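See structure below.
Computed from the coordinates by the stated procedures, all read-outs in this text should not be read as laboratory data. Predicted, not measured: the structure shown is a model, and the values here were computed from it. Note that we place each Cβ from the backbone using ideal geometry, even for glycine, and neighbour counts take in every protein chain shown.
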Amino acid sequence: MYLILTQCFPSRIGGIENLVGNLSITLGDKEGQKVIVLADRQHFLFDAIFDQENNKKIYIKRYGGIKFFRKRRKIDDLKFFIKSNEIKAIITDTWKSLELCIDEIHKNNIPTFCLAHGNELLTKDDEKQKKISYIFNKVSSIIANSNYTANLVKKFSGNNKKIKVIYPGATDLRKITTTKEIKIKGNPIIFTLARLEKRKGHLEVLKAINKLRIIYPEIKYIIAGEGKEKKNLQNYVKKNQIDKNVDFVGAINDFTKKSIFSITNLLVMTTLDETKNQSIEGFGIVFIEAAFFGIPSITSNVGGTSEAVVHNETGIVLHNQDKLYENILELFENKKKLNFLGNNAKIRAEKYFKWEIVIKKYLSEFKS
């Protein structure tokens, strides 16, 4: 069996949750091995729906309550499975899931694969740095979501041969069936799907929208997601009287996401360098999800996003945030270039990022 230890798992929405959820399901579907997931509870009802939908492929056990006790109950169950001598490999969402159990796992010589994403490696705390190094030096392999993240891992790992880069797979939402149609109109339409945090760069897009509406009065900027930055963004929209050009749609599911992608002309997420505040984008799965629909993207040369978007091939990678307005305008004025980038993005996504393709890379690493 494969055993997956994770704090980040659907029904919670996020990049790590997306990756770990799809990895678990695809592993259970393709490999023919039993896959057991020991996961934190996120939302009682939504968790139950997700678990029921996927119970033929994976077995999920949830842990709720106070973090101190939750983590220890999970480890007690892990020890039970270790004693069964049936574990082929253990996969964890981050190093954090191994804090209380790495010694037990290592003692039993169980192959252990730790995923790395970026944010969880940004720390100035000496004790935490030592803890990460200790764990990384005991796992079998560290699988980074980008070359950028792999370079962060190297600061903690004494053996660079352990580090493997596997770009995350992305869900091809064109395949899901939905009758839901988004009731948003505009021309052209720009979309950002991300937690509403400063580093995601929503404010920079709003500033560009404020200029673009002069040329494109019907332009629409759809902002999906929730977060602490929402109030600031809403205040900017109100202050600059661009309410009719901006829609906050909140947290969305895959059905709504598909509906929005079907009307979107351009995806924009120009992430800021917030490493000093321990915040960075390690890759950016949403760029690939959009690419399946033939949507090009604009991002910034910060973190690992420049690996999700190939400059002048599948989108634009900005080295200067001040050039965002000019680059959006150029793409809307040059429909040939917009379509060229979108078509390339679609071809790349279909060739390299479907889960049935990506899972082979994970399996190759697990079996090695």
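Between ASP29 and ASN160, residue separation times 0.36 nm minus the direct Cα-Cα distance comes to 44.0 nm. Pairs of alpha-carbon atoms within less than 8 angstrom and 6+ residues apart define the contacts here; what relative contact order does segment 173-352 have, in percent? Relative contact order, segment 173-352: 22 percent. The Cα atoms of segment 173-352 cover 43, 40, 32 Å along the three principal axes, with the biggest extent listed first. Between GLY294 and LYS346, the built amide H atoms are under 5 Å apart, and every one of these is 5 or more places off in sequence or on another chain. When only C-alpha pairs under 8 Å and at least 6 residues apart count, what is the relative contact order of the chain, in percent? Once divided by the residue count of the chain, the mean separation gives 14 percent. The peptide list 121-127, 361-367, put in order of mean Cβ contacts within 10 Å with the highest first, becomes 361-367, 121-127.
When peptides 318-328, 280-290 are ranked by their average number of other Cβ atoms within 10 Å per residue, the highest-first order is 280-290, 318-328.
Based on the Cα coordinates of the chain, what is the per residue volume of their convex hull in Å³?
Numbers: hull volume 51.3 nm³, N = 368.
Convex hull of Cα atoms, per residue: 139 Å³.
Taking Cα centre as origin and charging only the Cβ of basic (Lys, Arg, +1) and acidic (Asp, Glu, -1) residues, the dipole magnitude of the chain rounds to 400 debye.
Taking the charge dipole of the chain about its Cα centre, with +1 at Lys and Arg Cβ atoms and -1 at Asp and Glu Cβ atoms, the residue from PRO296, ASN240, SER97 reaching farthest to the positive side is SER97. Among beta bridges identified by DSSP and lying wholly in segment 173-352, the antiparallel ones come to about 5 percent. For GLU326 and LYS360, what does the FRET efficiency come to when R0 = 51 Å and r is the distance between their Cβ atoms, rounded to the nearest 0.05? FRET efficiency, GLU326 to LYS360: 0.80.
About the centre of its Cα atoms, segment 173-352 shows a dipole size close to 480 debye [charges on the beta carbon of Lys, Arg (+1) and Asp, Glu (-1) only; nearest 20 debye]. Of the cross-linked pairs LYS207/LYS323; LYS83/LYS164; LYS67/LYS198; LYS96/LYS367; LYS67/LYS96; LYS74/LYS131, those separated by over 18 Å at the C-alpha level are LYS83/LYS164; LYS67/LYS198; LYS96/LYS367; LYS74/LYS131. Calculate, in nm to one decimal, what LYS57 and HIS43 gain on full extension: separation in residues at 0.36 nm each, minus their alpha carbon distance. Length gained, LYS57 through HIS43: 3.0 nm. Spin-label model, ILE184/ASN151: points 7 Å from Cα along the beta carbon direction are separated by 3.3 nm. Comparing SER279, ILE347, SER262 along the charge dipole axis of segment 173-352, the residue lying farthest to the positive side is SER262, per the Cβ-charge model.
Here the calculated FRET efficiency for LYS228 and HIS311, from their Cβ-Cβ distance with R0 = 41 Å, stands at 0.85, rounded to the nearest 0.05. Electrostatic tally near TYR352: other residues with Cβ closer than 15 Å to its Cβ, Lys and Arg +1, Asp and Glu -1, net 0. Could you tell me the distance between the Cα centroids of segment 294-330 and segment 116-163, to the nearest Å? First find each Cα centre; the distance between them is then 27 Å. Can you tell me what percent of all Cα-Cα pairs in segment 1-106 are more than 18 Å apart? Value for segment 1-106 (Cα pairs over 18 Å): 44 percent.
With each label modelled as a point 7 angstrom along the Cα→C-beta vector, the ASN85-SER262 pair spans 5.5 nm.
Spin-label model, ASP273 to LEU203: label points 7 Å out along the Cα-to-beta-carbon direction sit 1.8 nm apart.
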